[in-house]
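Rule-based calculations on the coordinates, nothing more; no lab input. Just so you know, these numbers come straight off a predicted model, no measurement behind them. Methodologically, a virtual Cβ is constructed for each residue, glycine included, from the backbone with ideal geometry; neighbour enumeration extends over all protein chains shown.
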């Protein structure tokens, strides 16, 4: 019989509605024999069963929920089924990009605290759950079996366990190949026909921003003959797609010379460098130098301006400022692409900011498209934390 964690009557409704995290402030009692990493049952104050998950007494997320079936065993068979289910989902929704794809997106795939990305023949993993860390060897074995069953060769697993979220679970930070593998940590992926260098050791997230794949394609499809400015370009994802889509001129702007050097190498890899220029500058300052009507499309894809709720007001002001600057210089009939990757900047607040920016600059926003993250980063309704990326395209009139 599993140890039990008693949840308060105030906290239980959130779990009932689909939340997969039980917070410490909703704790009433834990069985004294339960230790970190144990599989425990969450029960109501009257003793009725609610859910099962991994315990971590030292985390604000005290239980990460795995199942709502009391009789389900949390063993190797359980994890094989979950991984296979997630794998089959990607084969359906991301068929054209399976060699550069997120195969496990934590809570959205019923594997809280686990991220698995594939870059060609290497899997890059990230574990932010104490319970999963304890079962890592079994998990990796299950992953490799699932790929092998589909005749996909995976040469190694690279661990990007260098994220601060691990510290909240009492886990150490590190990165490197699992086991004794010594392979190159750079590779070239093919994203919708575009070749891109990926550095799994030093790149952002697990090596690259896979979550914007489909959104970058939207820009490619509308860029023909346009002058495009990609702000916060990083290694050139949007800029390169604009150039490949036939843009007449593309400017990639970023404060990081290292990122722009990588963007140039990506441009050369795709024979697009003659149509692109790379500007190292602070985007806020650069937007002040743009002449009115200079660009037909401006892309604003900044890093998260806030990673917690305490700084949300500061982030709002930052988003408002850059969007106003872009709206002020875009020609009548030009297009603004505006993004936020912070889950704390919720959709309602972001749209309020966009309306305020439009009002203060005297423009009207004609909505072209509103999307979120790519299909391989699915959104689990009931679990707000899985929905984070906001992507808007407007015509400015």
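Tabulated data for the structure shown
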read-out	value
Sorted by Cβ density within 10 Å, fewest first, the residues 1, 138	1, 138
For the stretch 4-67, share of DSSP beta bridges that run antiparallel, in % to the nearest 5	85
Dimensions (Å) - the stretch 38-143, Cα atoms, principal axes, largest first	50, 26, 22
Least to most buried among 58, 301 (fewest other Cβ within 10 Å first)	58, 301
Relative counts (whole %) of C-alpha pair distances in the stretch 4-67, using bins that are 10 Å wide	25, 65, 10
Packing-based exposure ordering (other Cβ within 10 Å, fewest first) of 338, 8	8, 338
The chain - mean residue ellipticity at 222 nm from DSSP helices (-39,500 (n - 2.57) per run, n ≥ 4, rounded to 500)	-9000 deg cm²/dmol
FRET efficiency, residue 271 to residue 183 (Cβ-Cβ, R0 30 Å, nearest 0.05)	0.60
Point-to-point label distance, residue 68-residue 397, nm (Cα→Cβ direction, 7 Å offset)	4.4
Angle between the chain longest axis and helix 312-329 axis [Cα atoms, degrees, rounded to 10]	30
Per-pair calculated FRET efficiency, R0 = 41 Å: residue 371 and residue 58 via Cβ, rounded to 0.05	0.65
Net length gained if the chain between residue 81 and residue 311 were fully extended (0.36 nm per residue, minus Cα distance)	78.8 nm
Inter-label distance for residue 2 and residue 288, nm, one decimal - labels placed 7 Å from Cα along Cα-to-Cβ	5.7
Cα long-axis angle, helix 136-149 against the chain (0 to 90 degrees, to the nearest 10)	70
Acute angle (nearest 10 degrees) that the helix 213-222 long axis makes with the longest principal axis of the chain, alpha-carbon atoms	20
Pairwise label distance in nanometres, residue 32 with residue 360, each label 7 Å out on the Cα-Cβ vector	5.9
Gained length - residue 281 relative to residue 98, 0.36 nm times residue gap less alpha-carbon distance	62.4 nm
Sites residue 348 and residue 164, calculated FRET efficiency, Cβ-Cβ separation with R0 30 Å, nearest 0.05	0.65
Cα convex hull volume per residue for the chain (Å³)	140
Euclidean distance between Cα centres, the stretch 301-356 to the stretch 87-163, Å	32
Antiparallel bridges, percent of DSSP beta bridges restricted to the chain (to nearest 5)	65
Mean shadow area of the stretch 76-189 over all directions, Cα convex hull, nm²	7.0
Antiparallel content of DSSP bridges confined to the stretch 76-189, in %, to 5	80
